[in-house]
1. Counting only residues that are within 16 Å of ligand 1 (Cβ to nearest atom), more than 12 Å from chain B (Cβ to nearest Cβ) and surrounded by fewer than 21 Cβ atoms within 10 Å (Cβ to Cβ), give me the helices (runs of 4 or more DSSP H) lying completely in region A:55-140 with at least 1 of them.
2. From the list B:42, B:88, which one is away from ligand 1 (no atom under 16 Å from the Cβ) and at pLDDT below 95?
3. Evaluate the following for residue B:2: is it surrounded by fewer than 18 Cβ atoms within 10 Å (Cβ to Cβ), modelled with pLDDT under 95 and away from ligand 1 (no atom under 16 Å from the Cβ)?
4. Just one of B:56, B:67 is more than 14 Å from every other protein chain (Cβ to nearest Cβ) and within 11 Å of ligand 2 (Cβ to nearest atom); which is it?
5. Which helices (runs of 4 or more DSSP H) does region B:106-223 wholly contain that include 3 or more residues that are at pLDDT 90 or above and away from chain A (no Cβ under 14 Å)?
6. How many of the residues in region A:141-163 are part of a strand (DSSP E or B) and within 10 Å of ligand 1 (Cβ to nearest atom)?
7. Which of the residues that make up region B:141-193 are surrounded by fewer than 19 Cβ atoms within 10 Å (Cβ to Cβ), within 23 Å of residue A:55 (Cβ to Cβ) and in contact (Cβ under 8 Å) with a residue 40 or more places away in the chain?
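The values are calculated or read from the model by the stated rules, or taken from the named source; none is laboratory data. Everything quoted here is computed from the prediction, not taken from an experiment. Because the Cβ atoms are built from the backbone with ideal geometry, glycine has one as well, and the counts that use them run over all protein chains shown.
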Ligand code: FES
Ligand code: FES
């Protein structure tokens, strides 16, 4: 699902996209490279960008939406401040990675690929992270958490919460 | 065009050279389950896997919607092998279909009911684990409603909208179990380019796309 963007944002996005589209010719086979370029620029694919691309390639927006949502590499919402990547590679899958995923979903109340309302957390699944001995693995931002269990999910959330409070406090003090 | 004859379920049938077996059979009163075939479509989608038949001399069953008839062809539409394949395909479709005929605007006109009767399979079949989509009914379009929980992904509407009408409002999106027929941004409300040709609704074999006037109150949606 893509997020509607407000008008100021929209104009900014439009400008960026027009710039970015100059590197491409208006042919169908450029659709995926264009989507990739958009994602690299914005970190996600804004709805407005899909519309612009549709007009540029003369493909219906719906068809582009269909193509874009087919691929796991594309996301349609800005990532969360803490992006939670649950490994569901072979080893992690066998060690119960799906239980960990369920726990994150339950705690954050979002689906895979979703972001919490306050934009603090984003949730996604990834393939092997490369440290299967630690399975099941979750990566939050740059930090890898091995041997995960549902209670560790709790711990990580608490840590983030405390860090945020700390941050707010110092922020308030400096003001 | 040359007239040719073939045998379907021990009965002689004549048809035109180049005709597609599925349409010849249906026209002559031999029902073969199908949901994805469209006469207008030159290259069949062959996605529903319901229309299997056995043809003499062929090593295995084939889909009738992809088969061009030949002189003297001997076709069987109801062998045990055929029905086994059809039942499996049908029950897989049912495993993601929200069965709620009593409150469905398509009740008694639904292709799935017809197929269930033909194959003697219960609509509430428990053979495969049920994977309901549990998505909300979209009532935002002025003409029709769209219930993704009923959609069997036959692709008729998508093809008509995109390839025949050259509009491209309806499309397949997402992947695997999440795959959906949907519109840009997942909302019928934003469908600026819909020309209201009505083809999609007419072609829907189930109760996924329904004209608002056909729609019955469904108190039990997602119940
Ligand atoms: S499978 Fe998860 S780290 Fe390798
Ligand atoms: S009608 Fe032949 S596969 Fe669907």
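1. On the way: elements: A:61-70, A:90-94, A:97-108.
The helices (runs of 4 or more DSSP H) meeting that bar are A:90-94, A:97-108.
2. None of the other options fit; the residue is B:42.
3. Values: surrounded by fewer than 18 Cβ atoms within 10 Å (Cβ to Cβ): yes; modelled with pLDDT under 95: yes; away from ligand 1 (no atom under 16 Å from the Cβ): yes.
Spelling it out, residue B:2 is indeed surrounded by fewer than 18 Cβ atoms within 10 Å (Cβ to Cβ), modelled with pLDDT under 95 and away from ligand 1 (no atom under 16 Å from the Cβ).
4. B:67
5. Values: elements: B:111-119, B:156-159, B:199-203.
Passing ranges, in order: B:111-119, B:199-203.
6. Step one: list which residues in region A:141-163 are part of a strand (DSSP E or B), which gives A:143-145.
Next cut, within 10 Å of ligand 1 (Cβ to nearest atom) only: A:144.
The total comes to 1.
7. B:163, B:164, B:187, B:189 - these are the residues of region B:141-193 that are surrounded by fewer than 19 Cβ atoms within 10 Å (Cβ to Cβ), within 23 Å of residue A:55 (Cβ to Cβ) and in contact (Cβ under 8 Å) with a residue 40 or more places away in the chain.
One line per residue, one yes/no per condition, for (1) closer than 20 Å to residue B:202 by Cβ; (2) out of contact with any strand residue (DSSP E or B) (no Cβ under 6 Å at 6 or more places or on another chain); (3) surrounded by fewer than 18 Cβ atoms within 10 Å (Cβ to Cβ); (4) not assigned by TED's automatic domain parsing to the domain that holds residue B:205:
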position	(1), (2), (3), (4)
B:14	no, no, yes, yes
B:24	no, no, no, yes
B:34	yes, yes, no, yes
B:39	yes, yes, yes, yes
B:42	yes, yes, yes, yes
B:67	no, yes, no, yes
